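**Q** Here's a structure for you.
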Amino acid sequence: MGSTEHSSEQHNTSGTPRSECLSSNATLFYRIFVPVFGTVFFSGFVLALNLIPEDDLYLPFPALWARVAAVTLLLGWLFFVKRTIWRLKRVDATAEHFFVTNYWHTVRYPWHDAEKITESKRLGRRVVHLHLRAAGRFGRVISFIPARHYDELIKNFGVSEN
């Protein structure tokens, strides 16, 4: 019987290396559910305040103040979503490439296109930022919430964090 040598890299049925998810599964929750739920909630609140006659609101101050405050709150929410939550992406990787998706489009980048990797804390969560050498489809900085095994995977791929 001959011995077979096994590679430490796992492959899918077509023989290409299988990608590992670097981002947390919570990314889908933050990227899709939170913005949709929050926007529907605040939009409904704005609609209700504008459709209900002022006499039926029973407010101790003019209804215009409540309406302006509700619209301001909705616009603030939309700004918050655009500047923070909507920037989160899902990131998968192999030893040669990393794949970035916004759940509609997926782009493949070679690891040498990543200039540096930085981390920050946003809303109490660890966020990783992949800085690209040149702007790609999703810009120059790819942000994602790392998976629990992110540090181990990055080390296994031989990528250095700056």
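**Q** Can you compute the FRET efficiency between residue 77 and residue 149 using 1/(1 + (r/R0)^6), with r the Cβ-Cβ distance and R0 = 41 Å? Round to the nearest 0.05.
**A** On the way: r = 33 Å, r/R0 = 0.80.
It comes to 0.80.
**Q** Here's something else I'd like to know. Assigning unit charges at the beta carbon (Lys, Arg +1; Asp, Glu -1) and nothing else, what dipole magnitude in debye, to the nearest 20, does the chain show about its Cα centre? It would help to have the intermediate numbers written out before the result.
**A** Numbers: 19 positive and 14 negative charges, 72 e Å.
Magnitude of the dipole: close to 340 debye.
**Q** Right, next: Nearest 10 degrees is fine. How inclined is helix 34-51 to the longest principal axis of the chain, computing both from alpha carbons?
**A** 10 degrees
**Q** Give the Kirkwood hydrodynamic radius (Å, one decimal) of the chain, defined as one over the mean of 1/r across all pairs of different Cα atoms. Each step should come with its number before you reach the end.
**A** Values: mean 1/r = 0.0532 Å⁻¹.
Computed over the chain, the radius equals 18.8 Å.
**Q** A further question on this structure: Determine, for each peptide in 88-100, 42-54, the mean count of other beta carbons within 10 angstrom over its residues, then list the peptides with the highest first.
**A** Working: 88-100: 19.5, 42-54: 13.0.
Final packing ranking: 88-100, 42-54.
**Q** How much mean residue ellipticity at 222 nm does the chain get from its helices, if each DSSP H run of length 4 or more adds -39500 (n - 2.57) and you divide by all residues, to the nearest 500 deg cm²/dmol?
**A** Numbers: 4 runs with 51 residues, N = 162.
Mean residue ellipticity, 222 nm, calculated: -10000 deg cm²/dmol.
**Q** Continuing with the same structure: With r as the distance between the Cβ atoms of residue 85 and residue 47 and R0 = 25 Å, compute the FRET efficiency 1/(1 + (r/R0)^6) and round to 0.05. Walk me through the intermediate numbers first.
**A** Numbers: r = 22 Å, r/R0 = 0.90.
The computed FRET efficiency comes out at 0.65.
**Q** Given region 49-104, report the % of alpha carbon pairs whose separation exceeds 19 Å. Mind dumping the intermediate values first?
**A** On the way: 869 of 1540 pairs.
Distances greater than 19 Å cover 56 percent of the Cα pairs.
**Q** Run the quick spin-label model on residue 64 and residue 131: label points 7 Å from Cα toward the beta carbon, then report their separation in nm to one decimal.
**A** Placing both labels 7 Å along Cα→Cβ, they lie 4.9 nm apart.
**Q** If I model a spin label as a point 7 Å beyond the Cα along the Cα-Cβ vector, how far apart are those points for residue 56 and residue 101 in nm?
**A** It works out to 4.5 nm between the two label points.
**Q** Let me ask something additional. Quote the relative contact order of the chain in percent (integer), defining contacts as alpha-carbon pairs under 8 Å separated by 6+ residues.
**A** Details: 203 pairs, mean separation 38.3, N = 162.
Across the chain, relative contact order equals 24 percent.
**Q** Hey, any idea what Rg/Rh is for region 75-137, computing Rh the Kirkwood way over Cα pairs? Before the final figure, lay out each step's value.
**A** Working: Rg = 13.1 Å, Rh = 13.1 Å.
Expressed as Rg/Rh, it is 1.00.
Coordinate-derived values only; no laboratory data. Keep in mind the model is a prediction, meaning the values are calculated, not measured. Using ideal geometry, Cβ is built from the backbone for each residue, glycine included, and neighbour counts are taken over all protein chains shown.
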